[in-house]
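Chemist: Pasting a structure below so you can have a look.
The values are calculated or read from the model by the stated rules, or taken from the named source; none is laboratory data. This one's a predicted model, so the numbers in the text were calculated from it and none came from an experiment. Heads up, the Cβs are rebuilt from the backbone with ideal geometry, glycines too, and the neighbour counts pull from every protein chain shown.
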Amino acid sequence: MGSAAQPQVIQWILDTRALWPGAKQSRELETHASRALSLLPSSTHDKVFRNYHVRDAKMVLASHLLKHYLISRTCPDIPWHDIPKYLTTDRHKKPIFLLPDGTQPVSFNVSHQAGLVVLSAVAGYAKPGQEVDVGVDIVCTSERRDRDVKSILDDRNVGWFGFVDIYSEVFAPSEVNYLKYSLLSSIPSAPKGPETTQEELVDFQLRCFYTVWCLREAYVKMTGEALMAEWIRELEFRRFVPPKPVKEEGVGGKEGTGEVRREHEIWCRGRRVDGECQVDIRSWGPDYMLCTAVRTKPDKEDGLRLVLADYEVLDLEGICGGGREEGMKLTTL
């Protein structure tokens, strides 16, 4: 899947919300998700079960399944049972797939929130001495909406300005100012007029907040340094606009995908860097936004030519179908 001449961008979604409904506690997945777990090494089982909430355990399980499935699809010469040998982390502890000769035939990143697990990858970029970095993030505007709206509308000590200030240590000062003072005047789709309710205004403000959060998270994950990067407050997304929500999520294919926005400027330490990478954010259904960030080094033009594909919705049966083959099972590892 992909070659040195034509690297391929892969973007997948796996929805865990309706999976394994009989499991009420994380440990119960041992029974209800036994087929899926049998495809993963026992060390991964421990990572699944240590989650207190079963919803989180499901997403961790799905995340590991997606990584294994990606490698089996893009590197068919590597047996499924050998995949864990090559899954490691880089110096920033970012998960990578690394062969003994030091090459990475596929680079990937995974994110999850509110039941959805997303994976972005670039396969087949194999230029000698060059590499590709991938970051992905997902946010859900409704997961904490009640709490967010209550703190903004009901707590006089918080309000919108106070809410933004809570996160001022991880946002650039220009982003904080944009969120506080410029949303309504700078974004044409902002709700305006006397008929606009307070909740409609707050929902729009929160969507803008989660937009810049998602953009930043995908970018820093692409670099491998995550939100602990020393330059985190010197990273700026300027003139970002939230993608419009989609009324329905859909059940597969592109049905849930909505508007894609990529007109924002990216600055880091006073230098504009959006000419060195691609970072786009798109809506999925009424509540989710997905952001992909990708770059190639040192030849940045290769990364700018990549086509960031629509997300494909996968189903568990398709991923685990091969589990019927004895050679794929990993329960003895």
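Chemist: Out of everything in the range 153-186 that is of a type in the set (Val, Ile, Thr) and modelled with pLDDT of 95 or more, what residue ends up being surrounded by the most Cβ atoms within 10 Å (Cβ to Cβ)?
Modeler: Out of the qualifying residues, it is 164.
One line per residue, one yes/no per condition, for (1) among the charged types (D, E, K, R); (2) in the same structural domain as residue 14 (by TED's automatic domain parsing):
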{"site": "107", "(1), (2)": "no, yes"}
{"site": "110", "(1), (2)": "no, yes"}
{"site": "124", "(1), (2)": "no, yes"}
{"site": "135", "(1), (2)": "no, no"}
{"site": "145", "(1), (2)": "yes, no"}
{"site": "148", "(1), (2)": "yes, no"}
{"site": "152", "(1), (2)": "no, no"}
{"site": "156", "(1), (2)": "yes, no"}
{"site": "160", "(1), (2)": "no, no"}
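Chemist: Tell me yes or no: at least one residue of the range 192-214 is in contact (Cβ under 8 Å) with a residue 60 or more places away in the chain, among the aliphatic types (A, V, I, L, M) and either in contact with a Ser or Thr (Cβ under 8 Å, 6 or more places away or on another chain) or more than 30 Å from residue 132 (Cα to Cα) (or both).
Modeler: Yes: one or more hits.
Chemist: Can I ask one more? For the range 275-305, which positions are over 22 Å from residue 62 (Cβ atoms) and either surrounded by fewer than 18 Cβ atoms within 10 Å (Cβ to Cβ) or over 19 Å from the mean Cα position of the chain (by Cα) (or both)?
Modeler: Listed by number, the residues that qualify are 275, 276, 297, 298, 299, 300, 301, 302, 304, 305.
Chemist: Can you name every one of the helices (runs of 4 or more DSSP H) wholly within the range 141-245 that holds 2 or more residues which are of a type in the set (D, E, K, R)?
Modeler: 145-154, 198-223
Chemist: Among what's in the range 225-238 and is touching a strand residue (DSSP E or B) at 6+ places or on another chain (Cβ under 7 Å) and farther than 17 Å from residue 164 by Cβ, pick the residue that is surrounded by the fewest Cβ atoms within 10 Å (Cβ to Cβ).
Modeler: 231
Chemist: Residues in the range 194-207: is at least one over 22 Å from the mean Cα position of the chain (by Cα), surrounded by 15 or more Cβ atoms within 10 Å (Cβ to Cβ) and not β-branched (Val, Ile, Thr)?
Modeler: Scanning the range 194-207 turns up at least one residue that is over 22 Å from the mean Cα position of the chain (by Cα), surrounded by 15 or more Cβ atoms within 10 Å (Cβ to Cβ) and not β-branched (Val, Ile, Thr).
Chemist: When only residues in the range 11-42 that are touching a residue at least 24 places away in the same chain (Cβ under 8 Å) and small (Gly, Ala, Ser) count, which is surrounded by the most Cβ atoms within 10 Å (Cβ to Cβ)?
Modeler: Looking at the filtered set, the residue picked out is 33.
Chemist: Among the residues of the range 238-267, count how many are of a type outside the set (A, V, I, L, M, F, W, C) and either modelled with pLDDT of 90 or more or more than 21 Å from residue 307 (Cα to Cα) (or both).
Modeler: Number satisfying all stated conditions: 16.
Chemist: Continuing with the same structure: Report yes if residue 168 is touching a helix residue (DSSP H, G or I) at 6+ places or on another chain (Cβ under 8 Å) and without any contact (Cβ under 8 Å) to a residue 40 or more places away in the chain, otherwise no.
Modeler: For residue 168, the condition - touching a helix residue (DSSP H, G or I) at 6+ places or on another chain (Cβ under 8 Å) and without any contact (Cβ under 8 Å) to a residue 40 or more places away in the chain - is met.
Chemist: Turning to a different aspect of this structure: Look through the range 85-97, keep the residues that are surrounded by 15 or more Cβ atoms within 10 Å (Cβ to Cβ) and without any contact (Cβ under 8 Å) to a residue 24 or more places away in the chain, and return whichever of them is nearest to the chain's Cα centre (by Cα).
Modeler: Only one residue tops the list, namely 96.
Chemist: Taking the range 52-75, which residues are surrounded by 21 or more Cβ atoms within 10 Å (Cβ to Cβ) and either among the small types (Gly, Ala, Ser) or on the phi > 0 side of the Ramachandran plot (or both)?
Modeler: Within the range 52-75, 57, 62, 63 qualify.
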